[in-house]
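Please read the structure below before turning to the comments.
Just so it is clear, none of the values below were taken in a lab; they were calculated from the coordinates. What you see is a predicted model, and the numbers here were worked out from it, not measured in a lab.
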Amino acid sequence: PCDLRSLLAPYAGSRVSFAEPGAPVRLPARAAAELAAAAGAALDNVRRHAGENAQAWILVEDEPDEVIVTVRDDGPGIPEGRLADAEREGRLGVALSIRGRLRELGGSAELLSVPGQGTEVELRVPRGSGRKS
């Protein structure tokens, strides 16, 4: 098992706040790595699309049946239909780098974005995931 907190902590900085449980958040190494990579992809999108002054927050929740990582920003939000347009144009960052990673683990990624109010990406991975090859 791997403590997910150690993989997410390096993302914290002057524009990224990190809130974590006080105890280790243990997941199989593969699941922890994929969950951290999905969070990293969400933060890449913040840097790329929310503007250089955007703030982001990472919240880790360690539940009995799943681990939830939420990445939220205070950027301009995603215009309605933009993600579908990007997929049609062959730009699959959210589809593959975030949703695809978690789908492979039996998890999910939900995006909530309101124009002018930022974006929230909620990443969920069930306990015991990461056993597939």
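Spelling out what I want: for every residue of segment 112-124, take phi, set θ = phi - 60°, compute 6.51 cos²θ - 1.76 cosθ + 1.60 (Karplus), and round to whole Hz; glycine and proline get x.
10, 9, 10, x, x, 10, x, 9, 10, 10, 10, 10, 10
Can you work out D for segment 1-65 in µm² s⁻¹ from Stokes-Einstein, where Rh is the Kirkwood radius over C-alpha pairs, the temperature is 4 °C and the viscosity is 1.567 mPa s? Could you put the intermediate results ahead of the total?
Working: Rh = 12.4 Å.
Diffusion coefficient, whole number: 104 µm²/s.
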